[in-house]
Structure formats: C-alpha cells, structure tokens
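The values are calculated or read from the model by the stated rules, or taken from the named source; none is laboratory data. Values in this document were obtained by computation on a predicted structure and should not be read as measured data. Counting neighbours? That spans all protein chains shown, and the Cβs are built from the backbone with ideal geometry, glycine included. Side chains included, ligands, DNA and RNA excluded: accessible areas come from the protein's heavy atoms. Shrake-Rupley method; radii C 1.70, N 1.55, O 1.52, S 1.80 Å.
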Amino acid sequence: MGAIEKPVPPTAQMPLIALLGNPNCGKTALFNRLTGARQKVANYAGVTIERKEGGFTSPAGRAFRLLDLPGAYSLSATTPDEAITRDVVAGVRAGERVPDAIVCVVDATNLRLNLRLVLEIKRLGLPMLLALNMVDVAKKRGILIDADKLAEELGMTVVETVAVQSGGEDALLRALDAMPPSHKMPVNPLSAIDSVSVEQTQREVRRILAAVSNDLHDTGNLTEKIDDVVLHPLLGPAILAVLMFLVFQAVFSWANTPMDLIKGGVDGIGHFVTAHMDNGLLRSLLVEGILGGAGSVLVFLPQILILFFFILVLEDCGYLPRAAFLLDRMMGGVGLSGRAFIPLLSSFACAIPGIMAARTIQNPRDRLVTIMIAPLMTCSARLPVYALIIAAFIPNRELAGIINLQGLVLFVLYFTGIAAAMAVAYFMKRTVGANRQHPLMLELPSYHWPHQRNLAMGLWERAKIFLSRVGTIILSLTILLWFLSSFPGAPQGAIHPAIYYSLAGLLGRGLAVIFAPIGFGWEICIALVPGLAAREVAVGALGTVYALSQTGQELATSLTPIIAKSWSMATALSLLAWYVFAPQCMSTLSVVRRETNSWRYPLLMAGYMFALAYGASFLTYRIALYFAGS
C-alpha cells in the first residue's frame, strides 16, 4: 500500500506530525519511506541544526506534513540536538508550530532504552502514536512483544513498522487515517518532564517491559558472537586498521575503469570542440576554462563514491559505534571522548557536517576541541588533489603482489591527518579549560546487512552534492580564473605563455615569493587562491592554468602527465603535505563561527592550520631535496 503519490495541498491546511525517537531507532528511514523525494531540508532559525520536513498523502486521501526531529535519548536535554527536539515538541521554539500529534519511533530490540523518552513525551499531554520499529529483527532475536498489551500500558495506539521494507509503514498510515481531525490541545509545561525522577521512570520502564515482553537476552546470538571478536582488546583495533587500509586500496584499485571512461569522454568533447570551432575566446573558454577546469574535477567522482560506499556500509551494518568504542581509550589519552569519533568520521566527507555533528557531545570543552580538529580529517574535497599528485608521481605497482603502492600512499596521507588531529587535541587538552574524562555511553545496535535503499540514497546524495559543486562553485570559479588568466594578454615579443602576464599570473608571481621556500611555483600559487572557496577547485584551477600554459594540442584534462613533467618530486611531496594541513575553505570557517558564536575560533583555526601546513611543507620539501641531491 504505502503513501499515495498525489498533489499535496498547501502546508497550512495539513496536520503536522512530528517523528521523534532515540538515535538509531530507524526514525529517519521511516521518514524517507513516508515522504520519498518530497522533502525539504533547512536549518532551524538561529542555529545550524538540520530541519527535515516532508509531505505525504495517506491511502484515505488525507494529507500530512511530517517533521523529522533530531534524535534524542531524553527531553531533559544535555545536547543542542536534544534541546531543539524538546523545544519544538513543547511548543516553545520560536517560529515553530506545535505538532498536532507525535509519532514516537522505538527500536523493538531495545525497548529498555527507548521507553524512557516515550514516558517523558507522554507527560506533555500531546496526542501520540507509538511506532514499534524493527519488529522483524526483534522476532529473529527471539524478542516477543505484545503490542496490544503495550498500547494498554502506555494508553496510546501502538503499531508495528519495518521502516526498511516496502509496505513496512502501512500500519502506521492506517493509524494516522484513524486519527480524529486535529484540534489544538494545551501542552503541559516543560517542568512536567521532570515531575517524575529518572529512577521512577526507569522502574516504570522495567514494569512495562515485564508485562509486555519476554525480554529475552540470548547471550549466544550472532551479534554478541561477532562482538566477541570485533571488540576484542587486541583483535578489534587490528580489524579496524585492516578495514580502513582496504578501503583506501579500493579507492584506487576499483576506480580506474570509470575514471578512464569519464576522462575519455571529457577529452573527446575537448577534441571535438577544438576541431569544429575557430580559435578564439569562446573556444578558449570552453576548452581551457570549462573542460580544463570543471572537467578535470569531474573525473574524481568514482573515487569519492567508492570511499562513501564503504563508509555508508560500515555505518548501516552497525560497525561504526563499535569503532567509537574501540577508539575511546586512545582518544581519551589525548583528551577526547570516543563520542567524538562519529563527528570526526563525518569530517571525512566534509568538515562542515562533522563540525555540526559535534553538537551531540555533551561536554562543552570536548565539543570545542572536536570542532577545532575536525578539519584535519581528510575531507573528500582533498581526494582529487591527492589522486592527481599520486597518479603523477607514485608508480602504479603492487608491493608483495597484493598491496597497491598508490593506495598505500593515500592511506598514509589519511593516517597523517588523523595523527595530526590527535596531536592538536593533546595540546588543547592542556590549554583549553579543565580536562575531565566523561565515561562513554553508546548504544551498540545489532548487526544487519546494509539496506540497498539506504546505500543508494546515500550515494545519490553524495553524487548530487559533488556534481552541484562542480556545476556551480567550481564551474563559476574556473570561469573567473580563466578570465583572470586570459587578460590582459601577452605583450609583443613575449617569451612566456600569455597567462604569465595576466592578472592571475601577476597574483601567482606575487604569492610565489612567500611560497618559494616550500617549492611552489607561480602556477601552484594561482591554484591555491580559488582553492580557499572549495578545495577541489584547486585541481580545476591547475587544469585551467596549465591549459593556458601549454603549447600545441595538450588539454588540461590530461593534467597527470603535464604536472609529472613540470614539477619535481620534492614539489609534489610538499604540496601533498600542504593539503594534509591546509587552512580550511571559507564555508567551513563560517560554520565554525556559527557553532562557536565567536570569530576567535575560526581565526585561531585558520592560523594554526596555516602554520602547520607551511611548516610540514617546508620540512618535506627540504628533506626531499636533500635525498634527491645525495
């Protein structure tokens, strides 16, 4: 059955349903199942916490608005996410309408943890439904729950859902259809949440569980057998290291064929345009500006998607919380909680969501340190730069017949970023406030096979983000760079390419005075400037610069052989070191400003990262020159 695809009436006329639940309960999967592509993502007013809203029409023809609230363990908020959820539900969030009803989503395999939130929401007096999610997994584990008895105990409708299966939302849709037309009810004050102590609430949870569930805890189930190995104090970290190593091997080994296809397509378009257009500004814009810039970035899409495929698989199967648990002791040694692992892992996609994810860290000092080191994680925007330089200077050969040398170098670069982040955290441990260690409390979900729909949606979202950046920010900046690189043109009798005498060339030669000690020529210096807007623009900028610097028919989409001939090994290694630590893009610094509500921390971040980048590049360049001359 499922939600019906119909035109949705104006939102002001529709009942507003709020989805609420603990993290990892399947709430967002249920939201996606109900709303499909009819979603709006924005931020709550005044904060950077994500607000997801969608619409759907039920089988009976009723239209609803659906709000996916941030995950929360309790309405007695200890994190910014939980504070937003509490304020929206209680009707005290400025600019937010009080929900007409709450659908509280609970994990059927972990009612002991989830029911505390249900009882707290109930005290506010809003109309409620309970979605007993993951009932299929609970049954497989031998957990039997009497839904009718649970409804009787809680005094609300209880429906069983399986959010990851088509039709798994049908019972919820029928229950929503059976709801009476919305009528505004007074919401009890927030003090009602704490009118009952946590101890009393937990006793009530245990009483309800005893009445409605056999609450079996099979110590021999598959999840616990796997955890005996995965969480072993010696085997666990080794397995984690091997997994990460294999991921980076795959980024190079699997991506070769699709990258060659994309590169061949871009080259083919470039040759076609060159052959069928007269030489002039328009052809230069298309070939050197657009294809040489944006086209040289597009080729790295397969590597980015392969990296995120593995991250999404590990997240969806339930492994990532185990990785946080394994790393808690190591991270505690540098003054961080294992809870910082998820924000830091998110920063491998982009530092912005990683910084925003730090809101789930309760301790303000830990949250600040996590924000300050998140940009040292190697974001996907660095990957095109790494891949370009590695392909040009590192031989594509196997070590011991099984290890790809290029993949090994990429792994070392990622590991260096992690090690630097831990070193900075250790330094800040002794300089930013008092260091109090907080015990890590994590929910470890059951293992399950990754869901194809979730994987597909996650990869599609990542592809859309990358392609939109190529089509907007990167394309705009490469066109601007082409303009700056093409005018005013070379004087009569010039001995250098025209770009040398352009506005961009003038800027590059000026910056080269600063960057000459670390081996950067004026061409690289030109590329560093637009790279401040988005890191991957640096590759597009190099494409434009070298397209305009070349003579003959060489295209910038063939950047790899061009830089292999133009740069020394010392320069290449220095640029890799620069990008391990390089100052963040402007959008990241602006998010740090919003999250910390101060200009102090983004300026401090830009300063310390520039110092690290310059120092690391200087040492790398000088050591490389020493060994090259010896």
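The residue list Ile562, Gly615, Leu282 was ranked by how far each Cα lies along the charge dipole of the chain toward its positive end, using unit charges on Cβ atoms, and Gly615 comes out on top.
Each pair of Cα atoms in the chain enters the Kirkwood radius, and Stokes-Einstein at 20 °C and 1.002 mPa s then converts it into a translational diffusion coefficient of 79 µm²/s. Modelled this way, with points 7 Å down the Cα-to-C-beta line, the labels at Asn597 and Leu113 are 3.0 nm from one another. The charge dipole of region 66-106, taken about the Cα centre with unit charges on the Cβ atoms of Lys, Arg (+1) and Asp, Glu (-1), comes to about 80 debye, rounded to the nearest 20.
Counting only protein heavy atoms and using a 1.4 Å probe, the accessible area of Ser284 comes to about 20 Å². Relative to one another, the C-alpha centroids of region 189-216 and region 81-100 are positioned 23 Å apart. Using a cutoff of 8 angstrom between alpha carbon atoms and counting only pairs six or more residues apart, the relative contact order for the chain works out to 12 percent. Amide H to amide H distances under 5 Å link Val105 with Leu20, Gly21, Ala131, where only residues 5 or more positions off or on other chains count and H is placed in the peptide plane. Packing order of peptides 188-195, 69-76, 393-400, highest average first: 69-76, 188-195, 393-400 (average count of other Cβ atoms within 10 Å over each peptide's residues). Convex hull volume of the C-alpha atoms in region 242-390, normalised per residue: 133 Å³. Figure note: Thr157, Thr596 ranked by solvent-accessible area, largest first, 1.4 Å probe, ligands and nucleic acids not counted: Thr157, Thr596.
Note on region 222-304: with charges restricted to the Cβ of Lys and Arg (+1) and Asp and Glu (-1), its dipole about the Cα centre is near 160 debye. The alpha carbon convex hull volume per residue for region 580-619 rounds to 49 Å³. Peptides 459-465, 132-138 ranked from most to least packed, by the mean per-residue count of other Cβ atoms within 10 Å: 132-138, 459-465. Here the peptides 378-391, 561-574 are ranked by packing, the mean other Cβ count within 10 Å, and the order with the highest first is 378-391, 561-574. In this structure the amide hydrogen of Met128, modeled in the peptide plane, comes within under 5 Å of the amide hydrogens of Ile102, none closer than 5 places in sequence on its chain. Under the simplified labelling scheme, the Lys464-Leu246 pair shows an inter-label distance of 3.1 nm, with each label point 7 Å from Cα along Cα→Cβ. Note that region 512-523 has calculated 3J(HN,Hα) couplings of 4, 4, 6, 9, 4, x, 10, x, 8, x, 5, 5 Hz, one per residue in order, obtained from phi through the Karplus relation 6.51 cos²θ - 1.76 cosθ + 1.60 (θ = phi - 60°); glycine and proline are x. Relative to the globular-protein estimate of 2.2 N^0.38 Å, the Cα radius of gyration of region 89-245 stands at 1.27.
Report, in listed order, any pair from Lys122/Lys149; Lys52/Lys122; Lys140/Lys464; Lys27/Lys464 with a Cα-Cα distance greater than 29 Å. Going by Cα-Cα distance, Lys140/Lys464 fall outside the 29 Å limit. Rounded to the nearest 500, what is the chain's calculated 222 nm mean residue ellipticity when only DSSP H runs of at least 4 contribute -39500 (n - 2.57) each, over all residues? Rounded to the nearest 500, it is -17000 deg cm²/dmol. Residues Lys149, Lys139, Lys122 ordered from highest to lowest accessible area at a 1.4 Å probe: Lys139, Lys122, Lys149. Computed with a 1.4 Å probe over protein heavy atoms only, the accessible area of Phe248 comes to about 20 Å². Solvent-accessible surface of protein heavy atoms, probed at 1.4 angstrom with all chains present, puts Val118, Val92 in the order Val92, Val118, largest first. For Ile373, the shell of other residues with beta-carbons less than 15 Å away shows a net charge of +3, using +1 for Lys and Arg and -1 for Asp and Glu.
About the centre of its Cα atoms, the chain shows a dipole size close to 1100 debye [charges on the beta carbon of Lys, Arg (+1) and Asp, Glu (-1) only; nearest 20 debye].
Computed with a 1.4 Å probe over protein heavy atoms only, the accessible area of Phe56 comes to about 0 Å². Just add up the charged neighbours of Gln165: K/R +1, D/E -1, any other residue whose Cβ is under 15 Å from the Cβ of Gln165. Local net charge: -1.
Here the gap between Val273 and Asp148, fully extended at 0.36 nm per residue and compared with their Cα-Cα distance, gives a gain of 38.1 nm. Beta bridges assigned by DSSP with both partners in the chain are antiparallel in approximately 45 percent of cases.
Near Ser347, the amide H atoms lying under 5 Å from its own belong to Gly354; only residues 5 or more places off or on other chains count, and H is placed 1.01 Å from N. What does the charge add up to near Met428, with Lys and Arg as +1, Asp and Glu as -1, over the other residues with Cβ less than 11 Å from its Cβ? So the surrounding residues net to +2. Please work out whether region 558-630 counts as rounded, prolate or oblate from its C-alpha gyration tensor, where a ≥ b ≥ c are the square roots of the eigenvalues and a/c under 1.5 means rounded, while otherwise a/b larger than b/c means prolate and anything else oblate? Here region 558-630 falls in the oblate category.
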